[in-house]
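Novice: Structure in C-alpha cells, see below.
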There are 2 protein chains.
Amino acid sequence: MDKINVGLCGLGTVGTGVVKVLQDHQEHIKHKLGCEIEIRKVLVNNMDKQRDDIIDRDWLTNDPSELVEAANIDVIIEVMGGIEDTNKLLETALKNKKHIVTANKDLMAVHGQKLLRLAKQNHCDILYDASVAGGIPILRSLSDGLASDHIQKIMGIVNGTTNYMMTKMTDEGLAYDSVLKEAQNLGFAEADPSSDVDGLDAARKMTLLANLAFKMELHLEDVNVTGIRNLTQEDIQFAENLDYTIKLIGIASMHNGKAEVSVEPTLLPKDHPLALVKNEYNAVYVYGEAVGETMFYGPGAGSLPTATAVVSDLMEVVKNIRLGISGNTYIDPQFDRQLKEDHEKYSRHFIRFEVDDQAGAFQEITNIFSEHEVSFAKILQLPSDQEKTAEIVMVTHKISREQLLKSMAKLEGLAIVKRLISHYRVDGEE
Amino acid sequence: MDKINVGLCGLGTVGTGVVKVLQDHQEHIKHKLGCEIEIRKVLVNNMDKQRDDIIDRDWLTNDPSELVEAANIDVIIEVMGGIEDTNKLLETALKNKKHIVTANKDLMAVHGQKLLRLAKQNHCDILYDASVAGGIPILRSLSDGLASDHIQKIMGIVNGTTNYMMTKMTDEGLAYDSVLKEAQNLGFAEADPSSDVDGLDAARKMTLLANLAFKMELHLEDVNVTGIRNLTQEDIQFAENLDYTIKLIGIASMHNGKAEVSVEPTLLPKDHPLALVKNEYNAVYVYGEAVGETMFYGPGAGSLPTATAVVSDLMEVVKNIRLGISGNTYIDPQFDRQLKEDHEKYSRHFIRFEVDDQAGAFQEITNIFSEHEVSFAKILQLPSDQEKTAEIVMVTHKISREQLLKSMAKLEGLAIVKRLISHYRVDGEE
C-alpha cells in the first residue's frame, strides 16, 4: 500500500487547516510513514461556495455515501461537528471498514464507547486526540509515551472558556457576569454557555482521559460536576489571602482499584504549576507510578492546533494500517468499573460561612467539626458586612467527602449559622 | 516477524528498570506492536554478581560480540554509559544492522551526528529520547506530535542539578557553595560538578533539541554557554525586587533561516510557567507556528523515568522495523547551518554595576547607552555597601547582543564605573 486515501467531512476552519497542513508537509509525512496521503473527497453542505484557492472543485461532494461507502477511501476525517447525524455517518463508515479521525468531543462523549467497539469489531481505528485538548497530544501520551507506566492521578484544566473567565476574575477583579459577556463577545463562550460554565465540557474530557488512563469504562454520570456559576469575587479574595488560586480542575484518581472523577472549582497553592495556566490555555498533570509528575501544557482549542492534532492522529492511523494493528488502539477496559464511595474520597476543603457574632458561637462550630474528626490547617474569622454577624473561612486537613457532607449538614442545622456561603476542594499540596 | 530480540548493554539501575518495565507490560506491548519483545542477552562487567531475582543467569555475558555481532539480536539497548568504548561498540552494532536505543547524552553529544549517519547508511534507527530529559517525551513530540508544525523557539530548563541548586538559592536564600555541597551530598551533583554548573550538560541537550526542531546540523560549539558559578544572592534579590526569577534557561530560536542557541542564567517574569519549575524538575517550552505555545514538564532524570523512556523508544524502533521505515528517523539536515550574528540576536538584558556616587555620574552612563540606542524598561539606583559608591541595576528594552557588548565595553572604560557586577538575559515577556 503506497497511498492512503482520505475522505474529509467538513471544510470549515479546521477542515481547511487540515488540507493546508497536509499540503505543506507532504514530503515530511511521506518520509515518516513510508507512503503518501491523499485527500480524495470532501463533504460540504454548499457546493457553490467559492473554494478554488483551497481545493480542487472535483473533490467536493454533498453526498456522504461518496465518502463513507466509497471503495477507494481508507480513512474518514470528521471535522464537521454535530451528534446524531454524524454518529450515523461514522457508523456507516466503520461498517465499510473506514478508519476515523475526529475532533468531535460532543460526539465522542455521547457515542464514543459504542463507536470504539464498532471500530474494534471492524478492525478499524478511531483516533480523537484533537477532541480533548486541541494542541496537547495528551491522549497519545497516555496511550503511548506513558504506555509502560501505571497512572495514579490526572489533574487538569481542560476547558479554555472557564479558564479564560476565571483568569479575568482573578487578575482583573471583574464579576462573573461581566467576564462571561466579554468571553461571549470574543467568541470564547457560546450564547448558551452552560456546557462550559456548568463543567459539562470538562467532565466529558475527563471521562475520556480517565477511561484511557485507568483502562476502566467510566461514564459521564460517574463524574461529580460543579461549575463556576456561583463563584464570587469574595471567594477569590479569600483564596488569595490564604495563598491559593481558584481554578476549574478536573481530577481523576485511582486507589486500590477504585476510581474517582470530579470537575469542580478547586483551590490550588499559588505556586502550583496549574495555578499559572492562564486565559484559554489548557494543561494536564499526570502522576505515573514510574515517571512521577509530568505536565502537558498548550492551547486547548483553535483551528490550527486542532488541525495539527488531526493530522498527527491521521499519521498514527496510517502507521497502524501498515503495521496491521488497526483496531488495537481501543483497549478493552481491563478493570471492572469501580468507584470510590464518599467515605473513600479524601481531600482538603475550603469552607466559608456566616454566623451570629456572639459569645460561644465559634466553640459550637468547632465542636461539630470535632465530632466528625475534622481538623483544620487554616482558620480566618472576620466581621461580615452584615450587622452582628461574622464570616468564618476554614481550610481542613484531608477528610473524607462523607465527613465533609455530614459536618456541613450539622452546621446548617445550627441556629447560630446564618448560611453556608461556599465550599471548594483544595488540592495540589500535601 | 513475530518476535523482536533485544541485547541489553548494562544492568545498573536503568538497565534493571528496563527489564522490569518490559516484564510488567508484556501483554500491553504485544497488543500495541503486534509482536513480542524479548531480551536475549545482557552485557555486564561482573558475571558473578548475584542477579538471579532480576534475570536468568544464562542471558548474562561479558563478551560484547555476543550482542553486537550476534545474528539473533535485532535491537541494542545501551544503558551502560561511557563515551569512546561505547561508541565503538555501537558502531559495530550498526554495521551489523542492529537498531539502537540509548540513554547516553554524553555519547550522543560527542558522536551523535556520526552515529546517526552511520545508522541511516545501514537502514537502522538510533533513538535517544531518554538521554535528553528522562521522563519527558520531548524528542518524540518534536519529531512526531508537532511534526506537522514549524518550530520557531524552544526554551527549556534541561538540567536538573542546576535547577535544584537555583531553587534552593531562591527559596531558602542559601549561598552557591552551600547548595552545591547539599546537591553533592544528595547525589544530584557530581564531585566535579563542572558539566552541570558550567552549563555544558544543558548545552548538549539544547544542541540535540535544536537539531531536531530546526532540521539543521548545529554543534556544541555553536551554543553560547554561561554557567551559574558566578550567580549570587544579590543578583537573585535584585531580580526578585523587579518581579523576576533567575533560571538556567536554554534557548534555541530560528528567524529568517538563522539559528541562535544559548544556555545562560536568565531572568523570567515570576508568573512565567518556567519560573515555577522547581527542584530537579525539567520543562521544555515549544513555540510552533501552528500550535502556538506548548510545554512539557517532568522529571529530568531518575532510573524509572529513564527506563520508561527507553522502553517507549524501543517500542518506536520496533514499529519502524515493522513499517519498513527504519533509518528514516534521522532526518538529514534540510537547511544549511546558519547562525545569527551578534547584531541579529535580540533580547532584553539585566545589567548591574557599581559607580562613584557623584553628581553627573548617572548622566554620563545614560549618555553611553543613548549613543548605542539602548533604552530601558526599569532602572534602580541604590547606595552600595561601599562608601561613596552606588549600585545601578537596569533592565533594557530589546537590544541586539552587539549593542549590549559595545555599550558594556564603553561603560567599563568610564572612570566613574567601579565594576560591572553582572549581566543576564531577560526573556519570557514581550
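The values are calculated or read from the model by the stated rules, or taken from the named source; none is laboratory data. The structure displayed is predicted, hence computed values, not measured ones. Note that we place each Cβ from the backbone using ideal geometry, even for glycine, and neighbour counts take in every protein chain shown.
Novice: Are any residues in segment A:296-307 of a type outside the set (Gly, Ala, Ser) and out of contact with any helix residue (DSSP H, G or I) (no Cβ under 6 Å at 6 or more places or on another chain), and if so, which ones? Before you say what the answer is, go through the steps one by one.
Specialist: So in segment A:296-307, the residues of a type outside the set (Gly, Ala, Ser) come out as A:296-297, A:299, A:304-306.
Matches in segment A:296-307: A:297, A:305.
Novice: Run residue A:337 past the list (1) assigned to a strand (DSSP E or B); (2) more than 10 Å from chain B (Cβ to nearest Cβ); (3) farther than 29 Å from residue A:238 by Cα and report the number of the one that doesn't hold.
Specialist: Failing condition for residue A:337: (1).
Novice: Right, next: If a residue counts only when it is more than 27 Å from the chain's Cα centre (by Cα), exposed (fewer than 13 other Cβ atoms within 10 Å of the Cβ) and among the basic types (Lys, Arg), which strands (runs of 3 or more DSSP E) contained entirely in segment A:344-430 have at least 2 such residues?
Specialist: No strands (runs of 3 or more DSSP E) qualify here.
Novice: Then there is this: Collect the residues in segment B:3-27 that are touching a strand residue (DSSP E or B) at 6+ places or on another chain (Cβ under 8 Å), farther than 14 Å from residue B:309 by Cα and free of Cβ contacts under 8 Å to residues at least 40 places away in the same chain, keeping them in residue-number order. Steps first, please.
Specialist: From segment B:3-27, those touching a strand residue (DSSP E or B) at 6+ places or on another chain (Cβ under 8 Å) are B:3-11, B:15, B:18-19, B:22, B:26; that's our starting set.
Restricting the remaining residues to those that are farther than 14 Å from residue B:309 by Cα gives B:3-11, B:26.
Within segment B:3-27, B:3, B:26 meet the criteria.
Novice: Condition test on residue A:55, is it away from every other protein chain (no Cβ under 14 Å), of a type in the set (Val, Ile, Thr) and in a strand (DSSP E or B)?
Specialist: no
Novice: Yes or no: residue B:340 basic (Lys, Arg), in contact (Cβ under 8 Å) with a residue 40 or more places away in the chain and in contact with a helix residue (DSSP H, G or I) (Cβ under 7 Å, 6 or more places away or on another chain)?
Specialist: Values: basic (Lys, Arg): yes; in contact (Cβ under 8 Å) with a residue 40 or more places away in the chain: yes; in contact with a helix residue (DSSP H, G or I) (Cβ under 7 Å, 6 or more places away or on another chain): no.
Answer is no for this residue.
Novice: Restricting to segment A:90-123, what's the tally of residues that are part of a strand (DSSP E or B) and not aliphatic (A, V, I, L, M)? Steps first, please.
Specialist: Taking segment A:90-123 as the starting set, the residues that turn out to be part of a strand (DSSP E or B) are A:99-102.
Remaining after also requiring not aliphatic (A, V, I, L, M): A:99, A:102.
Count: 2.
Novice: Name the single residue, out of those in segment B:16-27 being more than 10 Å from chain A (Cβ to nearest Cβ) and buried (at least 17 other Cβ atoms within 10 Å of the Cβ), that is nearest to residue B:321 (Cα to Cα).
Specialist: Selected residue: B:19.
Novice: For segment A:59-68, state whether one or more residues are surrounded by 20 or more Cβ atoms within 10 Å (Cβ to Cβ) and either in contact (Cβ under 8 Å) with a residue 60 or more places away in the chain or not assigned by TED's automatic domain parsing to the domain that holds residue A:318 (or both).
Specialist: yes
Novice: If you don't mind, another one. Please verify whether residue B:236 is part of a helix (DSSP H, G or I), touching a residue at least 60 places away in the same chain (Cβ under 8 Å) and among the aliphatic types (A, V, I, L, M), treating the condition exactly as stated.
Specialist: yes
Novice: Of all residues in segment A:28-43, which are more than 9 Å from every other protein chain (Cβ to nearest Cβ), free of Cβ contacts under 8 Å to residues at least 60 places away in the same chain and either out of contact with any helix residue (DSSP H, G or I) (no Cβ under 7 Å at 6 or more places or on another chain) or over 15 Å from residue B:328 (Cβ atoms) (or both)?
Specialist: A:30, A:38, A:39, A:40, A:41, A:42, A:43 - these are the residues of segment A:28-43 that are more than 9 Å from every other protein chain (Cβ to nearest Cβ), free of Cβ contacts under 8 Å to residues at least 60 places away in the same chain and either out of contact with any helix residue (DSSP H, G or I) (no Cβ under 7 Å at 6 or more places or on another chain) or over 15 Å from residue B:328 (Cβ atoms) (or both).
Novice: Checking the conditions here, which among A:147, A:175, A:133, A:109 is buried (at least 24 other Cβ atoms within 10 Å of the Cβ) and either at pLDDT below 85 or of a type outside the set (S, T, N, Q) (or both)?
Specialist: A:133
Novice: In segment B:321-334, is there at least one residue being out of contact with any helix residue (DSSP H, G or I) (no Cβ under 7 Å at 6 or more places or on another chain), surrounded by fewer than 13 Cβ atoms within 10 Å (Cβ to Cβ) and either more than 14 Å from chain A (Cβ to nearest Cβ) or of a type in the set (Phe, Trp, Tyr) (or both)?
Specialist: no
Novice: Could you please tell me which pairs satisfy a Cβ distance under 8 Å, a separation of 6+ or placement on different chains, a first residue in segment A:161-189 that is touching a residue at least 12 places away in the same chain (Cβ under 8 Å) and on the phi > 0 side of the Ramachandran plot, and a second residue that is outside any loop (DSSP other than H, G, I, E, B) and of a type outside the set (D, E, K, R)?
Specialist: Final answer for the pair search is A:173/A:233.
Novice: Against the condition out of contact with any strand residue (DSSP E or B) (no Cβ under 6 Å at 6 or more places or on another chain), buried (at least 22 other Cβ atoms within 10 Å of the Cβ) and farther than 30 Å from residue A:419 by Cα, how does residue A:306 come out, does it pass?
Specialist: So residue A:306 passes the test.
Novice: Moving on. Search segment A:194-218 for residues that are charged (D, E, K, R) and pair each with any residue that is in a helix (DSSP H, G or I) when their beta-carbon atoms are under 6 Å apart and the residues are at least 6 apart or on different chains.
Specialist: A:196/A:161; A:196/A:162; A:201/A:195; A:204/A:105; A:204/A:109; A:205/A:132
Novice: Right, another one. Residue under question is residue B:13, and the condition is that it be buried (at least 19 other Cβ atoms within 10 Å of the Cβ) and hydroxyl-bearing (Ser, Thr, Tyr); does it hold?
Specialist: So residue B:13 fails the test.
Conditions (1) farther than 24 Å from residue A:282 by Cα; (2) of a type outside the set (S, T, N, Q); (3) more than 24 Å from the chain's Cα centre (by Cα); (4) crowded, with 23+ Cβ neighbours inside 10 Å, marked per residue:
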position: A:78; (1), (2), (3), (4): no, yes, no, yes
position: A:86; (1), (2), (3), (4): yes, no, no, no
position: A:91; (1), (2), (3), (4): yes, yes, yes, no
position: A:104; (1), (2), (3), (4): no, no, no, yes
position: A:115; (1), (2), (3), (4): yes, yes, no, yes
position: A:119; (1), (2), (3), (4): yes, yes, no, yes
position: A:123; (1), (2), (3), (4): yes, yes, yes, no
position: A:126; (1), (2), (3), (4): no, yes, no, yes
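Novice: Would you mention how many residues in segment A:274-307 are at pLDDT 85 or above, within 9 Å of chain B (Cβ to nearest Cβ) and assigned to a helix (DSSP H, G or I)?
Specialist: 3
Novice: Moving to a separate point now. Condition first: surrounded by 17 or more Cβ atoms within 10 Å (Cβ to Cβ) and either in contact with a Cys (Cβ under 9 Å, 6 or more places away or on another chain) or within 14 Å of another protein chain (Cβ to nearest Cβ) (or both). Now tell me which residues in segment A:248-270 satisfy that.
Specialist: Hit for segment A:248-270 is A:268, nothing else.
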